Structure formats: C-alpha cells, structure tokens
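Working notes, beginning with the structure itself.
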Amino acid sequence: MAIAKSSQMMHDFSLSPRIDQVGVEERASRFTKRSIKNESKENGLKLVLNMIDLTTLEGKDTDGKVKQLCYKAMHPHDALADIPTVAAICVYPSMVKVAKKALGDSGIKVASVATAFPSGQAPRDIKIRDTKYAVNEGADEVDMVISRGKFHSGEYNFVFDEIAAIKEACGAARLKVILETGELGTYDKVRRASDIAMHAGADFIKTSTGKIQPAATMPVTLVMLEAIRDFYYKTGKMIGMKPAGGISKSKLALHYLVMVKEVLGEDWLNNEWFRFGASSLANDVLMQLVKLKTGQYQSANYFSVD
Amino acid sequence: MEKAIKKSSLNVSENGLEKTVSNKRLEVLKTYKIYIGGQFPRTESGRFYQPENAAGKKLANVCLSSRKDFRDAVVSARGAVSGWSGRAAFNRSQILYRMAEMLEGRKAQFIDELIQQDSTKAKAEKEVNLAIDRLIYYSGWCDKFQQIFSAVNPVASSHFNFSVPEATGVVSIIAPQNDSLLGLVSVIAPVIAGGNACIVLASETKPLCAVTFAEVLNSSDLPGGVVNILTGKPAELASWFVDHMDVNATIYCENNSEVQQMIREKSATNLKRITFYDKINWYSDEGQSPYFIMDTQEIKTTWHPVENIASAGAGY
C-alpha cells in the first residue's frame, strides 16, 4: 500500500531545518522594495488576477451567492478587454455542485475545502468521507486542514498518515494542505509542517484557512517557499504554494510575486503552481488595472460587490 | 564651528572648571507634517518646500504632498464617512464645539503663526476669534439644518413622502490661499457638520496654521480620517483632487478660471458636485450660512406607503 511504503522511507521531521526568525523577516521585507514599472505592473496585475482562488467560506453562503461569485470569476470586469479569469472558485463541499454547474466549460477550477474545515477536529473516517463527497460532487482541487493539535503534541506520524490518507481519497483531484500557520506559532514549526505535508503527498501547501489571525504573511510564505525549494532540489518534484487570508491589496500581491520569482523562479509563476486565496483582492486588482488604463484613481462603487 | 559653539555655551575659567553656563539654547523647531487618517505622516514623496513671507523669511520646511498622499487620504476619508455620518447629529455638534474650545486654548500660537505669515497683530487676533466663532456657529447648525431643509411633500397617492438631506460622502477641498486660517475653517466646518469626510489642500504660501489646526482636530475627539490636511501646490494636485473616482464633491476657493474649467470638465467622469467659493469674503456675514452645509448634501426622498386612514374612522 502506498501509505505504508512512504512511511518506511520516512524522513525524520525532527531534523527539519531551524529558521532564523530575524533573517527571514529581514529577507521578506526586502522583496517589498523592488521598483516595478508600469508595463511590468500591468502584466503582474493580470497574473495576480489569474492566480486568485476566489473564495467564499461562510456559514451564510447560499446557492445564489456562489452562482454570483462564479459569474464574477468568469467576468471579472467586462469593461476591461483582455483580462484573464481567476484560477478557481473555493467553496464548501455542499456548494461544489452549484459552482461546477455555474462555471460550465469556462476552464475555471472548483476547489473545495474539506476534512472538517476550518478546525479539522473530526475523526479520520469523517474527514475521508468529507473529501470523497467533495470529489464526487466534481471538485478539481481539495483544500484540507492538518490536525494542528496532533502536530503540537508531536504526533507527526498521525499528521503525516492523515494527509496521505486524504491524498488517496482525492484521487485525481489536486490536494492543497492548509497548515494554519497562525496556530503553529513559530517558523520552525511552519517549516516542519511544510516538510511533513510535502512528503505525505501534498500538491500544494497553503498557509491559512482565513479564519485565524494572523493569516498569510510574507515571512511565513517565505519559509514555506524555501521548504518547497529544498524539497524540489531533493526530490525533483514541484509543489505549489498558496498564501491565503489577509492579502487584499494589489501592491502586496505584487510583492508576493517578486518573492516567488526570487525564491523559486519563473516555473512557479503561473496558476498551476501558485495561487492567492482571497476574496477582496480581485476587486483591488481590477481597480488598479483600470487606473493604469485611464489614469484615474478608482472607487469601489463602480465594481461588482463579491 | 566647533570652537564657536564651545565658546558660547560654556565659560571655562583658567583652572579648567566650568564657571557659568549660558542661558542660550537651540530652539526646538516644529516639523510641519501632513495629517492623514488621524496620523501625522511626512509626505510619501519625501519632498518639501520652503514658503517665504513678504520679508523673504523662510517660514518652515513644509511637506510637498504628492498624488499618492492624496490617494492615501481618500482611502482614510472613505473609511471614515460611514462612522461620521452615522453619528448622532448632536454628537457631531459636540465635537465641533470641542474643536472651538481647543482652538481657543491655542489662540496665541495661531496669532503668532499668522503674524509670521504677514498678518498684523490686530488682524491676526480678529482672524483667530472669527475662526473660533465660526466653529461654534456650525456646531449649532449640526442638528438643525436637517429640519430646515427637509420637507414632507404632498403627493397624489397614498404615500407618506419626505425628503431629507444626507452627507454626500468624500469631499476634496482646495482651501483659500489668503485667509489661511479663517478660510480653512470656514470651508471645513460646514462640510463635516453635514457628516462628510474631507481632504483639504492648505494654502500653498501660508500653510503653518493649517498644520497647527490639524493638531487642534487631533485633540478634539474628531475621528481620524474625517478631516485630512495636505500641504503642497494646487497647480500640481488640483487635477488629482477632481479626477479621483472615489471623491463625491470638490470645493475650490480660488478665482483661477483655467483651474475652474479643468474642474468642470474632470468632475463629469463621476458626476461630482462642484462648488466654487471664489468671491466670498470670509470675514463678513456672507462667510457663514447653513447653505454652505447644503453644498455637500444630497436630498434623499422616501415614498412610504400608508393606508388610507382618513376614511377608516376612529379606531378606539
């Protein structure tokens, strides 16, 4: 069985590198100092838009809300010609079918959170059923949460096995593993959780659920990107990255792109390998694109509410 | 240089012991910064200019604000509108009164700055007194103008139909160049009395009072972002003040017909309200009126269905 096999060659996660907090924070702040000229900015903004997982994860979500969001995904701002669509819609499993139908053959993916999102406090068989349900409903991607409690008690094998089991339940769907870095506490733990997730079969590692503060920050994303880089050098396997939560301004999103480019390189600069989990970022990007085109600072009043 | 400092500040006797210490000290000069979102940042651009008075004396190093400072100020103002316009009118009145109190307490400083900016003592005193009185005047109007300008409208259907003024939102203001304190107060007060938030460009040549007035605002319980004050050149910033799609109204207080033309054209993009106060004597009675409040208000009309109670008879 795949799980048993990978457990045998298991990496010793207690040997994950320790992170120099001051160094990482200083390095991350450097990415915000790059000068980006207008043409690059426009291309960067379009790329950002194309990397967004447009998200609604609320208890109050309705079919109508999800359909509206899907329309927004396909038609971000019709007044602007030649802008891309977003990468995916991210919803709860119960909304996958609605989203799938609404998106039709637009090519936009449907991502579903699963495994008792956002806390992850449920037995494994329920998590597996949750995942299978989402995949059967048509989810192209599954966003799972790790068991942070188990991770903190040092039960790394439990966390590893759980991710591997969910990966198996995903079948062809790509698996994003949410570390919920805001609950991990230190960069060392973020790095260790990243290593566990990647070795256990994650296709993507993702910072946060968006329900806990702090969510994605640049230093924490840098730690994860470096983990991806080290994993790539070691195994030759590319892993995707998704910062989520707290990225609502275009400028910050461009800083993230600079960081990805300088840590992982061009190969990661597309929506197959890098995503933003966000809801309000899309409108800000659209406002900046219109500003670049017209020279006028824009108002949220003239963009669709999402 | 080093020698000179030593000589003036220390008097050393032959035996090397300090005899007396001079009373001379370096004056601590104020940094004139801008006011955005309740904070006093320097301009994002890092630029400054040195306005001079008529005698050619440099007044200070003053921030030369850029369009990005303006953009940041609009973001703060937009964030402040709902909270400020949602407050009870009476509370806005209290805060305007508080601003007058704070201004009264710092009268001497304003008079001093006005004199530096070519005013005479008597004129400066008059200007500060009037500015204080003007705040009191609009403080009084905060919870009264609605009643005067509202109406219950007769309509030919069973509707209760009424119209009330509401704040228009974010207002950009290019303040009067000459009456640097009274003019500034006279344009800001009616705008915020009506529940709007504003971004004001202070007088280019006489900016000192505007920055000090920001300190008054900051200690008056006025929520951050309701008034944002920038210093800089109208020639550079005017077009941005009108161009921004998130600004709902623009007030321009100078008589430059080219700028007025530009404002008329650019305001069309999002149908801004534009107002020119180019012929107003702020010292006279025409410098204050509830109609100034109405310049940045919108009239909202509500049709409320009612039963035809006239034919229903008494219900008891």
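The numbers here are math on the coordinates, done by the rules we state, and not lab data. Bear in mind that the values here come from a model prediction, so they are computed numbers and not experimental data. Quick reminder, even Gly has a Cβ in these numbers, built from the backbone with ideal geometry, and neighbours come from all protein chains shown.
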| Per residue of B:242-248, what is the mean number of Cβ atoms on other protein chains within 10 angstrom of that residue's Cβ? | 5
| message | Only sites in a loop by DSSP and with at most 16 other Cβ atoms within 10 Å count here; which trypsin sites (Lys or Arg not before Pro) in the range A:223-285 make the cut? | response | A:Lys237, A:Lys249
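At a 10 Å Cβ-Cβ cut-off, how would you order B:Asp179, A:Asp161, A:Asp125, fewest neighbours first?
On the way: B:Asp179 26, A:Asp161 17, A:Asp125 9.
With the sparsest Cβ surroundings first, the list reads A:Asp125, A:Asp161, B:Asp179.
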| field | Sites matching trypsin sites (Lys or Arg not before Pro) across the range A:45-153 that sit in DSSP coil, with at most 10 neighbouring C-beta atoms within 10 Å | value | A:Lys60
| query | What is the order of A:Leu80, A:Leu257, fewest Cβ neighbours within 10 Å to most? | reply | A:Leu80, A:Leu257
| So what is the relative contact order for chain A, in percent, with contacts set as C-alpha pairs under 8 Å and at least six apart? | 20 percent
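Count, for each residue of A:293-305, the Cβ atoms from other chains sitting within 10 Å of its Cβ, then give me the mean as a whole number. Display every interim value, and only then the final one.
On the way: counts 0, 3, 3, 9, 12, 4, 10, 3, 6, 3, 0, 0, 0.
That works out to 4 on average.
Beyond 20 Å between alpha-carbons counts as too far, so tell me which of A:Lys65/A:Lys109; A:Lys72/A:Lys109; B:Lys30/B:Lys123; A:Lys109/A:Lys261; B:Lys266/B:Lys300 fall in that bin.
Working: A:Lys65/A:Lys109 17 Å; A:Lys72/A:Lys109 14 Å; B:Lys30/B:Lys123 24 Å; A:Lys109/A:Lys261 24 Å; B:Lys266/B:Lys300 25 Å.
Result: B:Lys30/B:Lys123; A:Lys109/A:Lys261; B:Lys266/B:Lys300 exceed 20 Å.
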| message | Starting from the 7 Å offset along Cα-to-Cβ, what nm value, one decimal, do you get for the label separation of A:Asn136 and A:Ala172? | response | 1.8 nm
| note | Diffing the range B:56-67: the Karplus 3J(HN,Hα) column from phi (6.51, -1.76, 1.60, θ = phi - 60°), in whole Hz with x for Gly and Pro, holds x, 7, 6, 6, 4, 8, 10, 4, 9, 5, 10, 5
| request: Note down, for the range B:48-306, the three equivalent ellipsoid semi-axes (square root of 5 times each alpha carbon gyration tensor eigenvalue), biggest first, whole angstrom. | output: 32, 21, 16
| So in the protein assembly as shown, what percent of DSSP beta bridges are antiparallel if you round to the nearest 5? | 30 percent
| Which GluC sites (Glu not before Pro) does the range A:204-306 hold that lie in a coil by DSSP with at most 15 other beta carbons within 10 Å? | A:Glu272
| Peptide-level mean, for B:259-266, of C-beta atoms on other protein chains within 10 Å | 0
